[in-house]
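The values are calculated or read from the model by the stated rules, or taken from the named source; none is laboratory data. If you're wondering where the values come from, they're calculated on a predicted model, not measured in any experiment. Positions of Cβ are generated from backbone atoms using ideal geometry, with glycine treated the same way; all protein chains shown enter the neighbour counts.
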Amino acid sequence: MQQSRSTVAVFGTVPKEAMEPNQEEKQVEGDPELVEDAELYQQLLKEFLETIDPASSGIFWYIAEAAFYVMKKFQTKKSRLVDRRASECRKIRYNVHEKMVNFMAPRPVRIPPNTADLLKNLFGLKTRNVPSEA
């Protein structure tokens with residue numbers, strides 16, 4: 001087992017920032033009361049799983065995988081980001097159109113001044129007897 005070299009704050013101890021420089025020399029690297037025991041528990045779990053049936057390595061991996069999923073089940077689950085306005089058609093839904101290609105603004109068309117008379121003659125409006133409003 002190793003001593004923990006992590007920066008863990010132990011309740012009731014004086015932090016290193018508050019110590020005087022000569023006291024830092026006296027303190028050993030890490031806290032002797034904190035022990036890193038993750039390796040120990042991993043080894044114990046491995047030995048336990050091997051004692052069940054050392055001949056079948058397939059079962060060992062099956063049990064190890066099952067233990068992994070059990071541990072994962074107990075971890076805190078992340079909450080999914082859900083849009084609350086999406087229900088009951090309260091959310092505005094839209095489709096973005098593609099940009100227009102080869103678009104040109106319309107140019108004003110010049111109409112000759114005698115166009116109205118030409119169209120009257122063309123469709124026979126001038127020759128027909130139109131009752132005048134009097």
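What about GLY30, is it in contact with a strand residue (DSSP E or B) (Cβ under 8 Å, 6 or more places away or on another chain) and at pLDDT 60 or above? Show your work before the answer.
Values: in contact with a strand residue (DSSP E or B) (Cβ under 8 Å, 6 or more places away or on another chain): yes; at pLDDT 60 or above: yes.
Here the answer is yes, as GLY30 does meet what is asked.
Do we have any residue at all in region 52-59 that's at pLDDT below 70, out of contact with any helix residue (DSSP H, G or I) (no Cβ under 8 Å at 6 or more places or on another chain), surrounded by fewer than 10 Cβ atoms within 10 Å (Cβ to Cβ) and among the aliphatic types (A, V, I, L, M)?
Checking region 52-59: at least one residue is at pLDDT below 70, out of contact with any helix residue (DSSP H, G or I) (no Cβ under 8 Å at 6 or more places or on another chain), surrounded by fewer than 10 Cβ atoms within 10 Å (Cβ to Cβ) and among the aliphatic types (A, V, I, L, M).
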